[in-house]
1. Given region 1-100, what strands (runs of 3 or more DSSP E) lie entirely inside it while holding 2 or more residues that are among the charged types (D, E, K, R)?
2. I need the full set of residues from region 112-121 which are surrounded by 15 or more Cβ atoms within 10 Å (Cβ to Cβ) and assigned to a strand (DSSP E or B), in order please.
3. Determine, yes or no, whether Ile73 is within 17 Å of Asn7 (Cα to Cα) and either at pLDDT 90 or above or surrounded by fewer than 17 Cβ atoms within 10 Å (Cβ to Cβ) (or both).
4. Pull up region 29-56, narrow it to residues that are β-branched (Val, Ile, Thr) and over 21 Å from Met100 (Cα atoms), then point me to the one that is modelled with the highest pLDDT.
5. Inspect region 75-97 for any residue being closer than 18 Å to Arg131 by Cα and touching a Lys or Arg at 6+ places or on another chain (Cβ under 7 Å) and give the result as yes or no.
6. Pull up region 91-111, narrow it to residues that are under 15 Å from Arg76 (Cα atoms) and surrounded by fewer than 14 Cβ atoms within 10 Å (Cβ to Cβ), then point me to the one that is farthest from the chain's Cα centre (by Cα).
Amino acid sequence: MAIADTNSVLREYLATCTTLTDLVGAGIYCPRLPENHTLPAVSFFTRGGTSTPYIPGIPEPSVQFDCWAANFIDAREVYRALYDNLQGIQNITVGSYQIMSAIEEVQGQDLVDELVPNYFRVLTFFRIMVRAE
């Protein structure tokens, strides 16, 4: 039984979401935003989640998303596009996998990166169920 690479499944799905890619282009990264990347962009990584030994082909990761831009208004716009493309989706086929559901766990939070000037982000978390069988 296959174990889904949920990060690859999410990256592939998000790359098809034109309302998001119209804002960030190909700037969808896992696990981190590359150094000196042109903004706006989205980065994400799996931070944990659940699975069951009885149904190993259906993991349910909790995923952290960072929506980056050069100001808060643009970062919020990227977040809204991400939200619109993930919140409440069901049964989306991505290659040989299926995103069964996605729901926001924590609403977007505005943050300033203190180490890198002019990098603003909105941080959010989603629980996403993926079927690999």
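1. 60-69
2. Here is the first cut: in region 112-121, the residues surrounded by 15 or more Cβ atoms within 10 Å (Cβ to Cβ) are 119-121.
Residues satisfying the conditions are Phe120, Arg121.
3. Here the answer is no, as Ile73 does not meet what is asked.
4. Residues of region 29-56 β-branched (Val, Ile, Thr): 38, 42, 46, 50, 52, 55.
If we keep only those that are over 21 Å from Met100 (Cα atoms) too, we end up with 38, 42.
Numbers: Thr38: 90, Val42: 97.
Result: Val42.
5. yes
6. Selected residue: Asp110.
The values are calculated or read from the model by the stated rules, or taken from the named source; none is laboratory data. Being a predicted model, the structure only gives us computed values, none of them experimental. Note: ideal-geometry Cβ built from the backbone for every residue, glycine included; neighbour counts use all protein chains shown.
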